[in-house]
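Chemist: Take a look at this one; I'll ask things after.
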Amino acid sequence: PLIDQPPFDLIWLKPEAGGASVRVLPIPLPGRQVPANPPGSEKLRVVLTRFPEREYEVRWRDIARIDLYEQHIFDEALRKISEKDFIGAFQNLSFLMKNYPRLPRLEELRQQFLLKSAADRFQAGEYRQTLSALEELRATAPDYQAATVMKVLSQVADGLLVSYQKQGDL
């Protein structure tokens, strides 16, 4: 898994600069934000993951884009949610919340994870897990898709009551 690898950023060079991509040790950017309009005449100092003992300079004007390590993990978490790999998504989300709590859209990702994992557990008939996820979502983000959450909470409560009644657990 990506979260178990040593952190790296990925620099993509423009075609006229070779068009390659290179893995570099995390770039010390202020706030871990890639500048929107970096001065093209300045250089960015980087250390390749393959040669950690050497420092290189790359002209900003030669850089097409920079993919930050934490964004790779975020994107992987989104992909895992869409694939219904909620265990993997949870691991990525936990890693990001611990190590990159100020990452933009992290709270949105957490809310999406809770709602989609709750829906998956509901479809599997796992009402307790569904209820747990929805209660956390409601407690921490009461305005996030409130109508949907309340509707599903009601359905989960009905499902739990029916299952208790069938088991004779009154």
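The values are calculated or read from the model by the stated rules, or taken from the named source; none is laboratory data. Please read these numbers as outputs of a predicted model, since none were measured by experiment. Positions of Cβ are generated from backbone atoms using ideal geometry, with glycine treated the same way; all protein chains shown enter the neighbour counts. Note: accessible area is taken over every heavy atom of the protein model, side chains too, but ligands, DNA and RNA are not part of it. Shrake-Rupley method; radii C 1.70, N 1.55, O 1.52, S 1.80 Å.
Chemist: For the range 1-40, what does the alpha-carbon gyration tensor say about shape, rounded, prolate or oblate, given a ≥ b ≥ c as the root eigenvalues, a/c under 1.5 as rounded, and a/b over b/c as prolate?
Modeler: Working: a/c = 3.13, a/b = 1.27, b/c = 2.47.
Oblate is the answer for the range 1-40, as a/c is 1.5 or above yet b/c matches or exceeds a/b.
Chemist: Quick check on packing: order 139-151, 99-111 by the mean number of other C-beta atoms within 10 Å, highest mean leading.
Modeler: Listed from highest to lowest mean packing, they are 99-111, 139-151.
Chemist: Accessible area of the chain with a 1.4 Å probe: how many percent of it is carbon plus sulfur?
Modeler: 52 percent
Chemist: Could you work out how far helix 146-166 tilts from the main Cα principal axis of the chain, as a 0 to 90 degree angle to the nearest 10?
Modeler: Its long axis makes an angle of about 50 degrees.
Chemist: How far apart, in nanometres, would the label points at Leu161 and Lys84 be if each is projected 7 angstrom from Cα along the Cα-to-Cβ direction?
Modeler: The modelled label-to-label distance comes out at 2.8 nm.
Chemist: May I pose another question? Please state the shape class of the range 25-120: rounded when a/c is under 1.5, otherwise prolate if a/b exceeds b/c and oblate if not, all from the C-alpha gyration tensor.
Modeler: Prolate, since a/c reaches 1.5 and a/b exceeds b/c.
Chemist: Sticking with this one: Give me the percent of Cα-Cα pairs in the range 123-166 that sit more than 14 Å apart, rounded to a whole number. Write down the numbers at each step before the final one.
Modeler: Details: 446 of 946 pairs.
Taking all Cα-Cα pairs of the range 123-166, the fraction more than 14 Å apart is 47 percent.
Chemist: So what does the Cα-only Debye profile of the chain read at q = 0.10 Å⁻¹, as log10 I(q)/I(0), no solvent term?
Modeler: Taken in order of the listed q values, log10 I(q)/I(0) reads -0.54.
Chemist: How large is the accessible surface per residue of the range 1-158, computed with a 1.4 Å probe and reported in Å² as a whole number?
Modeler: On a per-residue basis, 61 Å².
Chemist: Separate question: Could you work out how far helix 106-123 tilts from the main Cα principal axis of the chain, as a 0 to 90 degree angle to the nearest 10?
Modeler: 40 degrees
Chemist: Mind giving me the FRET efficiency for Ser21 and Arg61? R0 is 30 Å, r the Cβ-Cβ distance, nearest 0.05 is fine.
Modeler: After rounding, the FRET efficiency stands at 0.95.
Chemist: Continuing with this model, one more query. Sort the range 75-133 into rounded, prolate or oblate with this rule: let a ≥ b ≥ c be the square roots of the eigenvalues of the Cα gyration tensor; rounded if a/c is under 1.5, and if a/c is not under 1.5, prolate when a/b is larger than b/c, oblate otherwise. Don't jump to the answer; show the numbers that get you there.
Modeler: Values: a/c = 2.37, a/b = 1.87, b/c = 1.27.
Taking the square roots of the gyration eigenvalues as a ≥ b ≥ c, the range 75-133 is prolate.
Chemist: Cross-link partners among lysines for Lys116, C-alpha distance below 30 Å, same-chain residues fewer than 8 apart left out?
Modeler: Leaving aside lysines fewer than 8 places away in the same chain, those within reach of Lys116 are Lys80, Lys84, Lys98, Lys151, Lys166.
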